[in-house]
Amino acid sequence: MKFAEFDQYSEDLLMAQYDVSEIITHELMKGEVREDFLITTLESCSDPKPKLVKGTISDGQEDAGQLDIILCRPFAHLRHIGTQCFVEKNDALCVIEVKGNCTGRDLKKAAAKAVMIQNLQGQRVPLYGVVCYKVALELKTIMSRFGYSYDVATKTYFDNATIPNEAEADWHTIDYSALDFFVSLEDGKKVFLRKYEMIPGKFRFVRAVQSPLIKELFSIMRGLWIAANQAPAE
């Protein structure tokens, strides 16, 4: 089997599970089932499996409240309470918020949660991203809120900040700058946006062009997990 076929299979299966889970009327249970299935899918990207838990991140004094999925460092000191887990901020590599039908309000709340985690005590700051099966925003609106403009003539999106000699005052504003990535898997609105440092201290979002999009999510998980496994002991 070609690698791309495996990735496409994983993405298609994820979306099929989303559709099947619509039969569940209890919203909390439906959300839990979708989170669990996404965890299982992400675990398949590496062997040994990346450590993914549900719970919260804490600095020992304050915590970030309920978080959908947390990617932990190898050998992290985890405190389990039932199915939930307390994770030290320094032991968290990435946080993923899962949305069945993401709204602008959801993105605003996610960005605020990312800032809350950044402000917890600790030397390391985990990545924070949103993965949504469907999104209650038009693609043009999504791209605009992540700093992109739309060229009507070519029907393409572009970031003014990448235009040579473009004045910073003309750069398109980013509404959710605290997020590190955003993924929409909905047909017609498929998009993967990831933050990068364009110049020192200036961050923008790049749109991934690989297909299927879940390949990009696998890449983030593997990159963080493998790097943490290879890091020298502290």
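The values are calculated or read from the model by the stated rules, or taken from the named source; none is laboratory data. Keep in mind that this is a model prediction, so the values were computed, not measured. Every residue, glycine among them, receives a Cβ derived from its backbone with ideal geometry; neighbour counts consider all protein chains shown.
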* Can you confirm whether the stretch 112-126 contains a residue that is of a type in the set (D, E, K, R), under 19 Å from the mean Cα position of the chain (by Cα) and either loosely packed, with under 13 Cβ neighbours inside 10 Å or over 20 Å from I39 (Cα atoms) (or both)? => yes
* Asked: Of the residues that make up the stretch 142-161, is at least one under 25 Å from M221 (Cβ atoms), free of Cβ contacts under 8 Å to residues at least 24 places away in the same chain and over 14 Å from the mean Cα position of the chain (by Cα)?
  -> no
* To do: Tell me, please, whether a residue that is of a type in the set (S, T, Y) and free of Cβ contacts under 8 Å to residues at least 40 places away in the same chain can be found in the stretch 34-49.
  => yes
* Asked: farther than 23 Å from R222 by Cβ and touching an Asp or Glu at 6+ places or on another chain (Cβ under 9 Å) - does that describe any residue in the stretch 85-96?
  -> yes
* Asked: Taking strands (runs of 3 or more DSSP E) that fall entirely within the stretch 84-142, which contain at least 2 residues that are in contact with a helix residue (DSSP H, G or I) (Cβ under 7 Å, 6 or more places away or on another chain)?
  -> 92-102, 127-135
* May I ask you to verify whether F146 is in contact with a strand residue (DSSP E or B) (Cβ under 9 Å, 6 or more places away or on another chain), surrounded by fewer than 18 Cβ atoms within 10 Å (Cβ to Cβ) and among the hydrophobic types (A, V, I, L, M, F, W, C)? => no
* Structure fact -> Of (1) more than 19 Å from F205 (Cβ to Cβ); (2) touching a residue at least 12 places away in the same chain (Cβ under 8 Å); (3) in contact with a helix residue (DSSP H, G or I) (Cβ under 9 Å, 6 or more places away or on another chain), F75 fails just (2)
* Would you confirm whether any residue within the stretch 45-60 is surrounded by fewer than 18 Cβ atoms within 10 Å (Cβ to Cβ), closer than 17 Å to I214 by Cα, touching a strand residue (DSSP E or B) at 6+ places or on another chain (Cβ under 9 Å) and among the acidic types (D, E)? => no
* To do: Just need a number here: residues in the stretch 189-224 that are charged (D, E, K, R), touching a Pro at 6+ places or on another chain (Cβ under 9 Å) and more than 15 Å from D12 (Cα to Cα).
  => 1
* Out of all the residues in the stretch 105-130, which are over 22 Å from L217 (Cβ atoms) and among the small types (G, A, S)? -> A112, G122
* Asked: What residue, among those in the stretch 187-234 that are of a type in the set (F, W, Y) and free of Cβ contacts under 8 Å to residues at least 60 places away in the same chain, is nearest to K51 (Cα to Cα)?
  -> F192
* Might you check whether a residue that is assigned to a loop (DSSP other than H, G, I, E, B), out of contact with any Lys or Arg (no Cβ under 9 Å at 6 or more places or on another chain) and without any contact (Cβ under 8 Å) to a residue 12 or more places away in the chain occurs anywhere in the stretch 17-32? => yes
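So that you can scan it fast, the table gives a plain yes or no per residue for (1) under 19 Å from D180 (Cβ atoms); (2) modelled with pLDDT of 90 or more:
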{"residue": "M29", "(1), (2)": "no, no"}
{"residue": "C45", "(1), (2)": "yes, no"}
{"residue": "K49", "(1), (2)": "no, no"}
{"residue": "A64", "(1), (2)": "yes, yes"}
{"residue": "N90", "(1), (2)": "yes, yes"}
* Asked: Would you pick out the residues in the stretch 162-188 that are under 24 Å from the mean Cα position of the chain (by Cα), surrounded by fewer than 17 Cβ atoms within 10 Å (Cβ to Cβ) and outside any loop (DSSP other than H, G, I, E, B)?
  -> T162
